[in-house]
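Note sheet for the following structure.
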Amino acid sequence: MPTPDAAAIELVFREEYGRAVAILVRHFRDIDLAEEAVQDAFTAALTRWPTSGVPPSPAGWIVTTARHRIIDRLRREASRDDRHAQASLLYSVPSYPSPDLDAPDPSDDSAVADDRLRLIFTCCHPSLGIAAQVALTLRLLGGLTTAEIARAFLVPEATMAQRLVRAKGKIRDARIPYRVPREAELPDRLRGVLAVIYLIFNEGYTATSGDRLVRDELCRESIQLGRLLRDLLPGEAEIVGLLALMLLVDSRRAARTTPEGDLVRLADQDRSLWNCELIAEGLVCLGEAFERQQLGPYQLQAAIQAVHSEAATMAATDWPRILRLYDRLLEVSPSPVIELNRAIALAEVEGPAAALTVVDRLALECSHVFHATRADLLRRLGRNRDAEKAYDEAIAHAENAREREFLVRRRDALAAS
């Protein structure tokens, strides 16, 4: 058996972290305890697996090791504090893998059966603000670092760290129970749940940091959660809209990188590599969402991606239609990020000068995508010196190695021209 390196163990972490936390939260009813134990288990894996090899069931090893850590900790605390009852110490959680561990809790009459989806709904408690709900769930379920979550929210890492601490503190101090909402309560938490799933997908499709552009496991995870959510609440148009959006975007995943892992722009992608089955499924989902006549931002974003998916070439793209859809999206869900994306479409319809006017008034200086967009518009206007400076800013803000390498190549090509 080959000796695993840190990268291989990190891949297991990325794929199994959220499920392990969700399983342990269900059985021990303590989010902090579950998260710390899973982190400790992966730390142990970094020490043991390079010597012993990856176990036959890596996920099982992590859950079982984390379970033992929790029980040991509870025993130690009980020896110091009589408030911990012996029954809670010896809470019967079977070793993983076991049919009982994955079986529904007979005391829980929730409509949600999947552990990961249950954890999302639990974190999206109405007493927490929407930003805190999303950030906490990204941390617990997606296994995202504080820096990755901060980038998703366009805030400094220190600010996000404080938000996560406050969110966990509120759960603890308010004694918010680990209780999945009843079926009648589910729609009230839907906004946060949809945001979480979409942000997990975005992190998978373009990783915040690291050497990989795409984290396939997060793309698969979020689409699976979207399908589970659609089955749970079949009447919600925005759920189907989000699923359509993820499917249509994910259909291009194979064309987004070279065999060496380098980024490939949409304009340069080999469209024969696009996944026709995912496109077809996404278009069907989008049609179902529109039939319900409950227009929302995910459906509009999916409609924009559908226009791209239906175009045989970049030149054949119906940019005026995309621009109209962005106009409608800004009415429904205004944000500077959407304005930036709209500006890209505007450049194709009215030219780069009109788009640059829009971009220059956006407060997105911490975003490398903002600076990269400015650089491309400046390049198209022949303002090469200004474009090089904008590329420098984009490179300075980009934390993903593949994106940074792409931006360096673009800047260097411009300087050599």
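The values are calculated or read from the model by the stated rules, or taken from the named source; none is laboratory data. If you're wondering where the values come from, they're calculated on a predicted model, not measured in any experiment. With ideal geometry, Cβ positions are generated from the backbone for all residues, glycine too; neighbour counts draw on all protein chains shown. Ligands, DNA and RNA are stripped out before the accessible areas are found, and what is left, the full protein with its side chains, is counted by its heavy atoms. Shrake-Rupley method; radii C 1.70, N 1.55, O 1.52, S 1.80 Å.
Details
- Of all accessible heavy-atom area on segment 268-349, the percent that carbon and sulfur account for (1.4 Å): 52 percent
- Segment 227-375, relative contact order in percent, only Cα pairs under 8 angstrom and at least six apart counted: 20 percent
- For the chain, with +1 on Lys and Arg beta carbons and -1 on Asp and Glu, the positive-most of Leu164, Asn341, Trp61 along the dipole: Leu164
- Surface composition of segment 174-252: carbon plus sulfur atoms contribute 47% of the solvent-accessible area (1.4 Å probe, protein chains only, all chains present).
- Descending by average beta-carbon neighbour count within 10 Å, the peptides 329-341, 215-227 line up as 215-227, 329-341, the highest first.
- Only Cα pairs under 8 Å and 6+ residues apart enter the sum, and on that basis the relative contact order of the chain stands at 11 percent.
- For the pair Thr43 and Glu365, a Förster radius of 41 Å applied to the C-beta separation gives a FRET efficiency near 0.65, rounded to the nearest 0.05.
- Nearest-ten-degree value, helix 276-291 long axis tilted from longest Cα axis of the chain: 90 degrees
- Listed residue (Cys366, Ala413, Leu378) projecting farthest to the positive dipole end of segment 314-417, Cβ model: Ala413
- Projecting the Cα positions of Val21, Tyr298, Gly282 onto the charge dipole of the chain (unit charges on Cβ atoms of Lys, Arg, Asp and Glu, taken about the Cα centre) puts Val21 furthest along the positive direction.
- Selected from Leu46, Leu24, Leu141 as most flexible by GNM, with the chain as the system and alpha-carbon contacts under 10 Å: Leu46
- As a calculated quantity, the FRET efficiency between Leu11 and Arg227 at R0 = 25 Å, using C-beta atoms, amounts to about 0.60.
- Computed from point charges on the beta carbon alone (+1 for Lys and Arg, -1 for Asp and Glu), the dipole magnitude for segment 300-417 about its Cα centre is near 200 Debye.
- Dipole check for the chain: with +1 at the C-beta of Lys and Arg, -1 at the C-beta of Asp and Glu, and the Cα centre as origin, the magnitude is about 740 Debye.
- The convex hull of the Cα atoms of the chain, projected and averaged over all directions, covers 22.4 nm².
- Approximate spin-label separation Ala316-Ala131, in nm, with each point projected 7 Å along Cα-to-Cβ: 4.4 nm
- Remark: the chain carries 46 Å² of accessible area per residue (probe radius 1.4 Å; ligands, DNA and RNA excluded).
- Whole-percent carbon and sulfur share, accessible surface of segment 357-417, 1.4 Å: 46 percent
- Förster radius 25 Å - calculated FRET efficiency between Ser333 and Thr145 (Cβ-Cβ, nearest 0.05): 0.40
- Averaged over residues, the count of other Cβ atoms within 10 Å places the peptides 201-214, 120-133, 261-274 in the sequence 120-133, 201-214, 261-274, highest first.
- Angle of helix 157-173 to the longest C-alpha principal axis of the chain, folded into 0 to 90 degrees and rounded to 10: 30°.
- Degrees separating the helix 237-250 axis from the principal Cα axis of the chain, which is the longest one: 70 degrees
- Rough spin-label spacing in nm, given labels placed 7 Å along Cα→Cβ, for Asn384 and Val264: 2.8 nm
- Computed helical MRE - 222 nm, the chain, DSSP H runs ≥ 4 contributing -39500 (n - 2.57), nearest 500: -21500 deg cm²/dmol
- Hydrodynamic radius (Kirkwood) for segment 145-299, which is based on Cα pairs only, to one decimal in Å: 17.4 Å
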